[in-house]
Amino acid sequence: MSPAEVPVPIAIGPAMPAPTLLCKAVVECGANVVDLAEARALIWAGGPREFPDELPESVEWVQLPAAGVEDWFTAGIFARHPDIRFTSAAGAFAASVAEHALMLLLAGVRYLPEHLHAGSWRQQEFFPHVDTLHGKTVAIVGAGGIGRALIPMLIPLGVHVVAVNRSGTPVTGPGIPDTIETIPADQLARVWPRTDHVVIAAPATPATRHLVGADELARLKPTSWIINVARGSLIDTDALVAALAAGAIGGAGLDVTDPEPLPDGHPLWVLPNAIVTPHDSNPPQLRLAAFADHVSENVLRFIAGRDLLAPIDPHRGY
């Protein structure tokens, strides 16, 4: 066998035996699962605390298991290994998280929480509050993988989508019409007063902390729902609680919170216009299979010398 035909050696961590699905993903792409000391790449299935302080000089690329990597920055992983390419799992879990976002948005707009707690037939009381997404504008702030998965779910419901991303480059993908409006993040201020509802799906960085605060909430409509499936730090929790309690917005659907976990007795648990789910839009039984698919694609790209999916840029913070 010529050197060009030797299977690429790839390690899987943090512990052996590695998850079967990850081993299968590596082997079926034509690579070999090896010990870290022999590897050119590392597929990491653990967290930053378990990550090695040092890596062999042979390691060129590390695939991380999370879409959000702020904890990895905090742990200093990228600064410790400046010459290694890191990729996140951004986009790998998009379909599941987008479904969850749609569920939260529909539940709010259709007044579901109040229905569930009614305990009696209160049709006339509910009628004024039950709304529709048809004909409404939904802004997706951070229209990356989750946004690209969510847009084709919203379009059949008659929604006008405003996609907000860093560059303003038109959002494209399967099921996304060419007519989708895309706005660069530096023009986000003009989105708040013209949208009916907001989905937050942006990365958590120092620059996006409290991206939504009191001023932004005040510019939304009294019927607006804000959905957060990204990270809790993107919304100022105190400002959100105040807006919800005052009825300044329609409500909030949160799969992530700040603080997280949300402590018992927190106002968000009892406010009638808040829906909180315990960061389970991407549950473990779905996560590993989706991560394995992501690994397969990146292993194929690594072997072929092509650009990898979801490269992490230490300067941007994601």
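Each reported figure results from applying straightforward, stated rules to the coordinates on display, with no laboratory input. Computed from a predicted structure; not experimentally measured. FYI the Cβ positions are ideal-geometry reconstructions off the backbone, even for glycines, and counts take in every protein chain you see.
The residue pairs whose first member lies in segment 280-292 and is over 10 Å from Ala95 (Cβ atoms) and in contact (Cβ under 8 Å) with a residue 24 or more places away in the chain, whose second member is surrounded by 12 or more Cβ atoms within 10 Å (Cβ to Cβ) and among the β-branched types (Val, Ile, Thr), and whose beta carbons are closer than 8 Å, counting only pairs six or more residues apart or on different chains, are Ser281/Val97; Ser281/Val229. Candidates are the residues of segment 91-119 that are among the small types (Gly, Ala, Ser) and without any contact (Cβ under 8 Å) to a residue 24 or more places away in the chain; the one that is surrounded by the most Cβ atoms within 10 Å (Cβ to Cβ) is Ala118. One residue stands out in segment 120-150 among those that are small (Gly, Ala, Ser) and part of a helix (DSSP H, G or I): the one that is surrounded by the fewest Cβ atoms within 10 Å (Cβ to Cβ), namely Gly145. Selection over segment 252-279 of residues that are outside any helix (DSSP H, G or I), in contact (Cβ under 8 Å) with a residue 24 or more places away in the chain, at negative phi and buried (at least 17 other Cβ atoms within 10 Å of the Cβ) gives a count of 11.
Of all residue pairs spaced 6 or more apart or on separate chains, none has beta-carbon atoms under 7 Å together with a first member in segment 26-38 that is free of Cβ contacts under 8 Å to residues at least 60 places away in the same chain and a second member that is in a helix (DSSP H, G or I) and exposed (fewer than 14 other Cβ atoms within 10 Å of the Cβ). Within segment 204-224, the presence of at least one residue that is closer than 23 Å to Thr132 by Cα, touching a strand residue (DSSP E or B) at 6+ places or on another chain (Cβ under 6 Å) and surrounded by 17 or more Cβ atoms within 10 Å (Cβ to Cβ) is confirmed.
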